[in-house]
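Worksheet: the structure to be examined is printed underneath.
The values are calculated or read from the model by the stated rules, or taken from the named source; none is laboratory data. Note that the coordinates shown come from a computational prediction; the quantities given were computed from them, not determined experimentally. With ideal geometry, Cβ positions are generated from the backbone for all residues, glycine too; neighbour counts draw on all protein chains shown. All accessible areas refer to the heavy atoms of the entire protein, side chains included, with ligands and DNA or RNA removed. Shrake-Rupley method; radii C 1.70, N 1.55, O 1.52, S 1.80 Å.
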Amino acid sequence: MLAYLVRRIASLVLVLAGICVLTFVLSRVLPADPARGAVGKAGAEQYAAMRERMGLDRPIPEQFWRYASGLVHGDLGYSYASRRPVAEDIGDYFPATFELTIASLLLAIAAGAPLGVLSAAHRGGWLDRAAGWSALASVALPLFVIGLAFQVIFYKTLGWLPVAGRISPELGAPARLTGMFTVDSLLYRDGPRFGSSLKHLVLPAVTLALPLTAIISRMIRSSMLEALAKDYVRTARGKGISEQRVIYRHALRNAMLPVVTSLGMLFGALLGGAFLVEVVYTFPGLGLYVLNSILRAETAPIVSATLLVAALYMLTNLAVDIAYVFIDPRIRYA
Amino acid sequence: MLDHGLHRRTFLKSAAAAGLLPLGLGAAHRVSAQESETTFRFVSISGPPDTIDPGENWEGAGGFTIIAQVYDGLFRFEGAETAEIVPILAREVPTPENGGISEDGLQYTITLKPEAAFPDGSPVNAEAVKFSYDRTQALKLGVDFLLDQIAETEAVDEQTVRFTIKQPFSPFLNSLGSVFANSIVNPAVVAANATEDDPYAHEYLISHAAGSGPYLLESFEPELSQATLARNMDWWQGWPDGPHLDRIVVQWISESATARLMLEQGDADFVAGLSAEALTALATIPGIVTMEGTALGQTFIAFNTEMAPYDNVTLRQALAYALNYDAAIDGIYGGGRKLDSVTPPMVGYAPAATQYTFDLAKAKELLSEAGYPDGLDIEIAVSQADELGSLTLQMYQADLASIGVNLTITTMDGNAMFSEHLNGGPAQALPAIFSFMAADYPDAYQLLAIAYGSSSLPPAGCCNFAYYTNPEMDAIITRVETTLDPDERQAALQEGFDLAFADEPLIWLHVFADRAAMKDTVSGWEFNYVNGMAYAPFAKMSLG
Amino acid sequence: MSLSIHASVTRSALALPATAGGLAWLRAGIVWLPLVILLVVTVAGRALAPYDPDAVLVTDRLQPPSLMHPMGTDPLGRDVLSRVMTGARNTVPNVFFILISALTIGVLMGVVAGYAGGKIDTVLMRITDVFLAFPALVLALAIVGMLGANVRNAIIAIIIVWWPWYARLVRGQVLSIKNELYVDAARSLGCPAHRILLHHVLPNSMAPVGVQALLDIGAALLTTAALGYLGVGAQPPSSEWGAMLAQGRQFFLDAWWLTGFPGLAIFVTVLIFNGAGERLRAKTLSGWSRI
């Protein structure tokens, strides 16, 4: 087990290094000029000064070396758009995306799991059919169309929920612990801020959760159906155990396995969707940050943010693989 | 932080005016802003500013909203239709008659108001003014370009500042009225936050304020796209009686639909930068007032006159007749004023002798004359963020197709477009670009010089996008700059406008409309022609 | 959304309780007829469209849906229905191109890696690891952002992001096939490697991958549209559906039809391809039951 862990981590580091090179190389293919972006329409003298400040006149290997060695020391570069180190920017924006993604995941499991179980339990019934068709629809609809529709329904027409930002600007951010507003305000028992940040989180999280709910519910349904047909279930039924217990104690636990295995991949898909949702709702997270950095031709934020996402994705997959050992005792890693 | 003496003075002024308080009681009690505080929610449809350091900021949408409120300048512009230069920190507008402008036109002497002070009590004196101008010039962050004419800033005595300029430059006074590059910072605050590497406290001022304006910067959170202003109770101009805006929450929202919904739902009191469609829709909603005015932003198509076939004057004229100005202005932009000169009405404005209208027959005729009877291929680049510009070019494309001209529209990232067009000189620049620019101060000279003068040629200067070099035009520009005789100046300007429109290196389209909407409970608002809707005179406004 | 997940939803959603055999032709029709219509519109859209999709008439701008213009008009007065129909030609073939390219590259890499094994396999798999470490949209966005925002680069970006999935799939198949009896037999008969690859390994490993690709058409379309919506895909005046969505974005509160109908077109197309892909899968691979 330990050997497996060590190998996986070594592999992770290697891949991260590769990603670092890849993203840096890509960033130097930029047609846009970050010095021009920072200095606007000002003249040649100011432009040349800015180029020097940004280190753009050095040879490329030297630029990469500066960036890479900075990374090792925790220096992720500097953003001229926000006038701060990228690390600080990411420190602000990443928790927002994380909060959104986790909220969506929880919502999707909370809604999708029961739906999947019930669909399997009453296979062929009206619930199963309805769930099936709406699942199909949810994954076919573009996320941004769903987002725009929600804005019109829940904000314009009903006025129930806000559609921009993470918290009401009058309240401002809560005292910082994790950077996730809902969590922080909860920990500090800050009622008004908790309410406001939660209200701002609802629409983006639900939008993002919609396709995922569909996927999770169908996944659970099909693995439940498989489990229900298995021998041990027949045995349990034969023993006279109630149908309820059969479903919930025996079949469900095994049916959850594929969901857990796919958790890593689902998380990755969520991250991609989160970027889109952030744009539609002006939710200031990593996605909006990366998009704006692309538009301003700022390489450090793009490279660092992408690296972070990749690292997170890989760590999640690793964690899932390890957790799997505990869930399914039949698995052993050499 | 509060200077007791100063504060007492302002409090007593109002109390005495109300005839209420015996003098003894005025001393200690500070009129608290906490009692029944009015919060005003101002939304600007743009991205948040990068910086609010007045020695650096040069963009009209984001930082402007903050800088104009927390900093004062020697002069500012007021007026809804035209621009009047008004003394703020200065006692009066210098003229040759009152001795403010020297005979040779090289020295501008300005007397300051003695009561002007920063919130910490230090006076806004000549030292502070000199410090601020020197600082902007030393930082060299781009906006110092506007101060290029200044050779030296002197603090003659406590209340007198003298600018010495390099050559007689008649627009100089007007240039001092621009919010850009002309804000006065508190040297004490800079000194307190300076470091060895950063002697001008640039890092600090990127996100903090050090001004003498009616509002203080309570918080600045660009990562959340918001900032808060609080009323400066120690404002040296004093607050008149009556309700005021105690706190202003500024939010920068880039999705215009979202901003609009916020106003409709009551989550915002004022939204600036709306589209024509949004304004029409909002006008039907009770409780909301819509406003529209034209500010200083102008749209244009610039041809690279050093690149064939755009070096052909007759061809450019032909293309100018093929643009459907009215359809673009009314249909696509939903309003605005067609440009009949290099600038809209302002100091020095006069219509040009040649005018262009939408006339496809004439365009075709000129096309043949230019040597392209069977049409040709042309290319114009536009920024990806410029949705209306893109639509205009698409319409232009359809019209041009009917006379045999095949237009390719290249959509590029805005920064990339300017990089490519400005960095390598005319040979490596783009064939043509669609963009907009705005005068920094309302003097027709400025746009004539920066759009047509050879000293503004990129990459060394800004913003002669057409790479137009004409010694005749340069001579005209020099005459405008150096003459002190107003009639001679206007005659030279007229020649400049006529030449600009005859040669047509740029096709000017229009001055675009600036649109905003607010709750009908807002009073005291006035449109500012120079600053546009991103600026509102908060100090004069009230809610409810 | 990522590929295989997409596929599983489609499969389980369509694997609803079987209806009586007599209506089988109706069931088939529901899937195949829309596909045929879609293909016809894609190819002949311009000829079938009621108006010239590029005809600008600014006085007619932003008309809501009516009898004259069933899908309304856009900010330049162009008929949205005509643009959606001709837009199919700009949208759908791109998606096919992406999949074919990604498949080609992926299969090549996967076969080589799987069959050669050893160092080559390790290196190639490390490379795919690097690409697979990113959520697809994030990497595609970064790539297009670097290369420049236009439809060609968007296509390239998505191809770059997707080929690793297929490479992995194929490699897995190859690994399990290469020790099969018939391959062993061919090798012992002295068959050269490339012939073994071409005639034995390739055909047998392609099947599941091919089906996977079919089911991915929908996902590819959604990704292309997402890039278009963000403004980094096809640019105006293109009538590509993603670009239409991007242009309509600023008007969506007042002119919902500008985003509504292209969005609907995307939705319907994804559904059609998912359905068709699923039917094809069911017909060709009776034994294929795993993700």
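Computed over protein heavy atoms with a 1.4 Å probe, the accessible surface of the range C:38-286 works out to 37 Å² per residue. Total buried accessible area between B and A, probe 1.4 Å, nearest 100: 3300 Å². Our Cα-only numbers for the protein assembly as shown put the radius of gyration and Dmax at 32.9, 117 Å. The residues packed around C:Thr91, meaning those with a beta-carbon under 12 Å from its beta-carbon, carry a net charge of +1 if Lys and Arg are +1 and Asp and Glu are -1. For the range A:46-203, the relative contact order comes to 15 percent (Cα pairs under 8 Å, sequence separation of at least 6). Mean residue ellipticity at 222 nm, helices only, the protein assembly as shown: -17000 deg cm²/dmol; runs of at least 4 DSSP H residues each add -39,500 (n - 2.57), and the sum is divided by the number of residues. Quick one: if you stick a label point 7 Å off each Cα along the C-beta vector at C:Ile30 and B:Gln237, how many nm between them? Going from the C:Ile30 label point to the B:Gln237 one covers 7.1 nm. Straight-line cross-link reach from A:Lys230 at under 29 Å between alpha-carbon atoms covers these lysines, not counting any fewer than eight positions away in the same chain: A:Lys239, C:Lys283.
In this structure the amide hydrogen of B:Glu218, modeled in the peptide plane, comes within under 5 Å of the amide hydrogens of B:Thr228, B:Leu229, B:Ala230, none closer than 5 places in sequence on its chain. Split the accessible area of the range A:102-174 by element, probe 1.4 Å, and carbon with sulfur accounts for 73%. The A:Leu257 and A:Arg176 beta-carbon pair, evaluated with R₀ = 51 Å, returns a calculated FRET efficiency of approximately 0.85. Interface size, chains B and C: roughly 1800 Å² of accessible area buried, both sides included, 1.4 Å probe, rounded to the nearest 100. Among the residues of C:243-254, the average count of other protein chain beta-carbon atoms within 10 Å of the residue beta-carbon is 5. Cysteines in the protein assembly as shown lacking any other cysteine Cβ under 4.7 Å from their own Cβ: A:Cys20, C:Cys191.
Peptide A:146-152 shows a mean partner chain C-beta count of 4 within 10 Å per residue C-beta. Taken one residue at a time, the phi angles of the range B:226-240 give Karplus couplings (6.51, -1.76, 1.60, θ = phi - 60°) of 8, 8, 10, 10, 10, 4, 7, 5, 9, 4, 5, 7, x, 9, x Hz. Gly and Pro are set to x. A simple count of charges around B:Leu106, restricted to other residues whose Cβ falls under 11 Å of its Cβ and scoring Lys, Arg +1 and Asp, Glu -1, yields -1.
Let me check I've understood the local charge: for B:Pro87, count other residues with C-beta under 14 angstrom from its C-beta, Lys and Arg +1, Asp and Glu -1. What total comes out? That sum, taken over residues with Cβ under 14 Å, equals -2.
For B:Arg76, nonlocal amide neighbours, meaning residues 5 or more places apart or on other chains whose placed amide H falls under 5 Å from its own, are B:Val86, B:Ile88. When +1 charges are put on Lys and Arg Cβ atoms and -1 charges on Asp and Glu Cβ atoms, the dipole computed for the range C:38-286 relative to its Cα centre reaches about 640 debye. For the range C:213-219, backbone phi angles converted through the Karplus equation (6.51, -1.76, 1.60; θ = phi - 60°) give residue-by-residue couplings of 4, 4, 5, 8, 4, x, 4 Hz, Gly and Pro being listed as x. Give the shape of the range B:188-333 as rounded, prolate or oblate, defined through the alpha-carbon gyration tensor: a ≥ b ≥ c are the square roots of its eigenvalues, a/c under 1.5 means rounded, and otherwise the shape is prolate if a/b is larger than b/c and oblate if not. Oblate is the answer for the range B:188-333, as a/c is 1.5 or above yet b/c matches or exceeds a/b. At an R0 of 45 angstrom, the distance between the Cβ atoms of A:Lys239 and A:Trp160 translates into a FRET efficiency of 0.35. For the pair B:Gln167 and B:Asp487, the difference between a 0.36 nm per residue extended length and the Cα-Cα distance amounts to 113.3 nm.
With r defined as the distance between the Cβ atoms of B:Glu103 and A:Lys230 and R0 fixed at 60 Å, what FRET efficiency is calculated, to the nearest 0.05?
Step by step, r from the Cβ atoms, then E = 0.05.
For the range A:91-327, rounded, prolate or oblate, judged on the Cα gyration tensor with a ≥ b ≥ c (square roots of eigenvalues), a/c < 1.5 rounded, else prolate if a/b > b/c? Prolate.
Using a 10 Å cut-off on Cβ atoms, rank the peptides A:258-271, C:65-78 from the highest mean neighbour count down. Show your work: numbers first, answer last.
Numbers: A:258-271: 20.6, C:65-78: 19.0.
So the order, starting with the most tightly packed, is A:258-271, C:65-78.
Of the peptides C:201-207, B:283-289, the ranking by mean beta-carbon count within 10 Å, highest at the top, reads C:201-207, B:283-289. With distances taken between every two different alpha-carbon atoms, chain C has a Kirkwood hydrodynamic radius of 20.9 Å. Accessible surface area normalised per residue over the range A:91-327 is 38 Å², counting heavy atoms of protein chains with a 1.4 Å rolling probe.
Rounded, prolate or oblate, given the Cα gyration tensor of chain B, with a/c below 1.5 counting as rounded? Prolate is the answer for chain B, as a/c is 1.5 or above and a/b outweighs b/c. Peptides B:386-398, B:441-453, B:142-154 ranked from most to least packed give B:441-453, B:386-398, B:142-154, packing being the mean of other C-beta atoms within 10 angstrom over each peptide's residues. Shielding of peptide B:398-404 by partners, expressed as the average count of other chain Cβ atoms within 10 Å per residue Cβ, is 2.
Stretching the chain fully between B:Glu81 and B:Thr357 yields a gain of 96.8 nm (0.36 nm per residue, less the alpha carbon separation).
Over chain C, Cα pairs under 8 Å with separation of 6+ residues give a relative contact order of 23 percent.
Straightening the chain between B:Glu92 and B:Ala385 buys 101.2 nm, computed as 0.36 nm per residue apart minus the Cα-Cα spacing. Annotation: amide H of B:Met307 has no partner in the under-5 Å range at sequence separation 5 or more or interchain, hydrogens built in the peptide plane. Pairing chain C with chain A buries about 4600 Å² of accessible area. This figure sums both sides and uses a 1.4 Å probe.
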